[in-house]
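Data first, discussion second: the structure below is written as structure tokens.
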Amino acid sequence: MRHQIKSDDARAPEMAEAIEKCVHCGFCLAACPTYKLLGEEMDSPRGRIYLMKGVLEERIEAEEAQPFIDRCLGCMACVPACPSGVAYGDLLVSYRTLQEQSRHRPLVDGVARRLIIETLPYPQRFRLAMKGGKIGRMLQPFLPEAFASMLNMLPDKLPPPAPLPPMLPAHGERRGAVALLSGCVQQALAPQINQAAAEVLSANGLDVHIPAGQTCCGSILLHIGAEAEARQIARRNFPLLPDDIDAIITTAAGCGSGIKDYPLLFKGQTDLHTASAFSGKVMDFSAYLAQLGLRAPKGFAVERAVAYQDACHLLHAQGLQNEPRDLLNQVPNLRLVDIPDAGMCCGSAGTYNLDQPAIAEALGKQKVNAILAAGPDTVVSGNIGCITQLRKHLDLQRKNLPVLHIAELLRAAYQD
Amino acid sequence: MNRSFFEALQKIYPDNRLLTRDVELLPYESDALTAFQTKPGAVALPVSEDEIIDTVRLCHRMKVPFVARGSGTSLSGGSLPIADGLMIGLNRLNHIKKIDPEQRIAVVEPGVVNLHITEAVRQYGLYYAPDPSSQSVCTIGGNIAFNSGGAHCLKYGMTSNHVLGMKVVLADGTVTQFGSESIEGVGIGPDLVGLFVGSEGLFGIALEITLRLMPAPQLYRTVMAAYDNLGRAGDTVSMVVASGLLPGAMEIMDRLAIKAAEASVGAGYPLDAEALLIVELEGEALQVEAEFAELRGVIEESGAFEIHEANSEDERARIWKGRKGAFSAVGRLSPDYIVQDGVVPRSRLGEALVKIGEFKAKYQLDVANVFHAGDGNLHPLILYNGREPGALEKAEALAGEILAMCVDLGGSITGEHGIGMEKREYLPTMFSPVELEIMQDLRRAIDPEEIANRGKMFPGGEAPALQMHGMHPLERQGVISRE
């Protein structure tokens with residue numbers, strides 16, 4: 001599309017390029033969860049691109065367009081669906097960052113957002129906030145909606161902290177060395193995931209380094225347009241990770257795809273080179289294992305019907321469709337069942353649950369219904385956000401299906 | 001927008017289904033032809049047939065023009081809004097109301113996405129044959145308005161061959177049924193279904209459409225042949241047809257189109273080829289196998305430097321995904337391009353390709369070519385840089401030459417995208433004044449106020465038909481008379 005973008009923001013060229021590539025063909029509509037749900041052009045990728053273009057061209061007010069941009073899940077399903085190769089992710093992140101600088105938020109939203117920025121990336125603080133959350137929940141009837149939805153997200157209780165060892169040596173013949181990212185909120189919510197991942201990697205002949213003192217990779221902050229904060233926190237990990245490793249492994253989909261965006265996030269920064277090198281080494285757990293070649297697991301004594309739920313930030317953002325399925329298919333006595341409309345977001349989407357509870361709710365329900373239709377006895381995913389969302393919606397339907405991270409299932413497959 | 005009209009609309013639609021704010025209207029100002037932009041007065045999003053009927057009747061009564069829109073994928077500007085008019089978004093009427101596998105029919109609402117029909121009837125071994133490249137997103141309502149085709153229309157015909165009947169609301173608010181549920185039922189009298197299909201929204205809105213389903217082919221065999229010369233690929237198409245074979249689809253892409261599509265999907269297209277021919281046979285397994293041997297023979301004789309057969313359903317799907325996304329993929333090569341749609345008789349395809357090559361040189365512009373070669377439907381994509389002064393005009397002039405060539409060679413100015421906004425001025429190059437006047441008379445008989453998709457198809461200004469009231473030019477010359 002032709003455009004007359006007037007913005008002199010540093011990111012304007014990237015935004016202009018993405019907009020220019022969009023030919024308005026509408027192929028993205030079929031992939032977009034919010035368009036499917038809401039049925040309005042403004043809530044489609046094409047419509048959002050057009051609105052962002054309108055704001056940058058100063059045809060409409062940013063504030064007017066913002067609710068529609070806010071409703072974007074950032075699931076990136078439109079990216080592989082786009083024949084003309086619009087870098088929608090770059091556009092969205094750049095645009096959100098630009099708008100955040102000038103955005104006027106209602107006080108309550110602002111405080112809620114600040115809370116997210118200040119707690120989610122820090123497992124220790126998150127633990128503290130959880131305790132505060134319990135008190136908050138008693139006060140819930142008196143709190144504004146923005147807080148109420150945050151409190152609803154919190155689990156009833158956190159598992160006890162489970163510190164990981166600084167290094168888990170390779171089991172059997174050594175095939176290499178990796179580092180495991182573990183600074184995420186996931187570590188507070190579900191420490192068993194990284195524990196399982198470390199054990200599976202080790203069982204596959206890898207030395208697993210897990211340096212202490214890691215922080216969040218910043219992806220969740222990037223996702224909500226808090227770019228400076230994202231950079232600041234991401235930097236703390238750079239010196240912690242050893243050089244002589246083959247890859248940096250993440251077990252969270254959003255972290256993997258967010259770190260892939262470091263070259264954009266650090267553009268124009270003095271440590272761009274360090275950030276890019278770090279980014280280049282990061283691989284998702286399942287992608288790395290699939291590339292390395294899985295050591296034959298024992299499998300299960302009794303057949304398990306497993307539904308693999310694609311995390312958007314693995315499937316759409318990183319193109320990982322076959323890799324996790326290949327791993328699961330190598331487990332004896334494991335039968336994969338297909339979830340209909342597998343590429344559809346479950347509504348978790350980072351902080352989306354907090355920002356857009358109604359849409360998140362509808363998508364969660366829809367996803368769980370699709371899963372139940374496939375008739376599995378176990379659900380597996382590669383992302384804590386999806387796992388939390390699926391658990392919540394399965395509980396709502398009183399279904400007692402286990403929802404595991406793929407690392408947990410693989411660990412079980414080695415143990416059985 | 002007229003206030004009393006607006007108040008009446010508010011009685012039909014709750015607030016959240018009547019879009020009126022600038023920010024809500026802006027994304028509706030273009031369809032897939034972004035060269036035209038018009039912001040509508042309002043967008044209504046009906047969820048029932050009754051709401052559509054009430055809306056059309058209101059528009060008729062108050063003489064407010066309206067445009068119906070599905071997914072907004074028209075490449076000819078067919079669903080471009082009318083300034084201060086009403087846009088009726090039909091995408092929420094997306095229910096398949098009935099599937100009858102015995103009779104092989106489906107009854108659908110206009111906002112149903114083309115591909116969803118095939119997905120819904122696959123379990124019965126059936127499918128809906130017309131496959132426009134945008135089938136994953138375009139809706140049946142739009143397919144009807146523009147008589148959409150697609151790669152596989154070579155064997156099975158266009159949309160009009162697959163619509164058995166429909167309930168419509170005409171532009172004057174009349175609700176009626178055309179056709180019926182049986183193929184035989186429409187043998188008597190004029191083909192009113194046929195009249196409505198391809199009328200580009202000028203007659204009204206289809207509310208409920210009965211579509212014919214076909215048994216899904218038992219087997220597909222898809223072959224790609226690479227050529228170092230575009231003309232040779234074109235000649236091969238004639239050789240295949242001369243051999244007596246009728247493939248499901250025969251498509252050609254040239255070097256630029258191959259490059260764009262390959263970058264988009266990685267289908268394994270030969271990047272060193274000047275032309276790629278894709279031929280697909282489909283149908284009953286034994287017959288397809290026998291015919292494929294014959295096809296293989298023809299292609300081996302055709303001078304292709306590389307022949308590759310799809311080895312799996314996955315590979316076949318990628319070959320088609322690349323082809324079907326080729327227009328949009330060209331967005332990777334150039335910020336601006338005109339998608340052209342013309343037809344030449346298949347036997348003159350080679351000639352047409354040579355001419356397009358000459359135009360390219362004359363205008364110093366790149367042209368990427370994608371053809372439904374089997375039925376002579378050309379899709380030259382004219383690449384230009386809109387920031388260069390005069391570039392658009394040059395590209396439009398080239399596009400005009402291609403269309404004139406199509407008519408000269410005995411073809412048509414549109415194969416499947418329709419006239420819409422884009423080709424209004426070219427309509428008289430294909431139809432005589434008498435034919436145009438008959439079309440106008442028909443239109444005015446159904447839509448005296450000319451409110452349905454006003455400004456589309458016929459040449460001229462906002463309500464072009466008005467300019468053609470009075471005596472026909474030939475009447476004035478005394479050549480014809482109404483006595």
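Quick notes
- Between residue A:174 and residue A:302, the distance separating the two model label sites (each 7 Å from Cα on the Cα→Cβ line) works out to 4.1 nm.
- Cβ-based charge dipole, region A:298-415, positive-most Cα from A:346, A:372, A:317: A:372
- Note on region B:433-447 and region A:211-250: Cα centroid distance 68 Å, given to the nearest whole angstrom.
- Of the residues A:234, A:83, A:328, the one whose Cα sits farthest toward the positive end of the charge dipole of chain A, with +1 on the Cβ of Lys and Arg and -1 on the Cβ of Asp and Glu, is A:328.
- Hull-based mean projected area of region A:273-378, where the convex hull spans the alpha carbons, in square nanometres: 8.5 nm²
- Ordering A:283, B:421 by the number of other Cβ atoms within 10 Å of each residue's own Cβ, fewest first, gives B:421, A:283.
- Distance between region A:69-87 and region B:69-133 - C-alpha centres, whole angstrom: 23 Å
- Computed Rg/Rh of the protein assembly as shown, alpha carbon atoms with Kirkwood Rh: 0.99
- Surrounding net charge for residue B:153, when Lys and Arg each add one and Asp and Glu each subtract one, Cβ distance under 15 Å: -2
- Taking the Cα centre of region A:12-102 as origin and assigning +1 to Lys and Arg Cβ atoms and -1 to Asp and Glu Cβ atoms, the resulting dipole is close to 380 debye.
- Close amide H contacts of residue A:336 (hydrogens built in the peptide plane, cut-off under 5 Å, sequence separation of 5 or more or a different chain): A:306.
- Neighbour counts of other Cβ atoms within 10 Å put B:124, B:269 in the fewest-to-most order B:124, B:269.
- With semi-axes defined as the square roots of five times the eigenvalues of the C-alpha gyration tensor, the equivalent ellipsoid of chain A measures 33, 24, 23 Å, largest first.
- Neighbourhood charge, 9 Å Cβ-Cβ cut-off, centred on residue B:372 and excluding it, Lys, Arg +1 and Asp, Glu -1: -3
- Student exercise, the protein assembly as shown dipole from Lys, Arg, Asp, Glu Cβ charges, in Debye to nearest 20: 2820 debye
- Working from label points 7 Å from Cα in the Cα-to-Cβ sense, the residue B:103 to residue B:216 distance is 2.3 nm.
- Taking the helices alone, chain A has a mean residue ellipticity at 222 nm of -15000 deg cm²/dmol, built from -39,500 (n - 2.57) per DSSP H run of at least 4 residues and averaged over all its residues.
- Straight-distance crosslink candidates among aspartates and glutamates, where the alpha carbon sits under 18 Å from residue B:97 and sequence neighbours closer than 8 are dropped: B:49, B:50, B:51, B:109, B:119, B:181, B:208
- Take each residue of peptide A:81-93, count the partner chain Cβ atoms within 10 Å of its Cβ, and average: the result is 4.
- Long-range HN-HN contacts of residue A:404 with modeled amide H, under 5 Å: A:379, A:380, A:381
- Protection proxy ranking for B:410-416, A:329-335, A:165-171, using the average of other Cβ atoms within 10 Å per residue and placing the highest first: B:410-416, A:329-335, A:165-171.
- Theoretical gain in end-to-end length, residue A:167 to residue A:396 [0.36 nm per residue, Cα-Cα removed]: 78.5 nm
- Between region B:161-235 and region A:275-321, the alpha-carbon center distance in angstrom: 45 Å
- Once C-alpha pairs closer than 8 Å and six or more residues apart are averaged by separation and normalised to the residue number of chain A, the relative contact order reads 14 percent.
- Extension gain, residue B:119 back to residue B:239 (0.36 nm per residue minus Cα-Cα distance, nm): 39.7 nm
Bear in mind that the values in this text are calculations on the coordinates, not laboratory data. Bear in mind that the values here come from a model prediction, so they are computed numbers and not experimental data. Backbone-built Cβ (ideal geometry, glycine too); neighbour counts: all protein chains shown.
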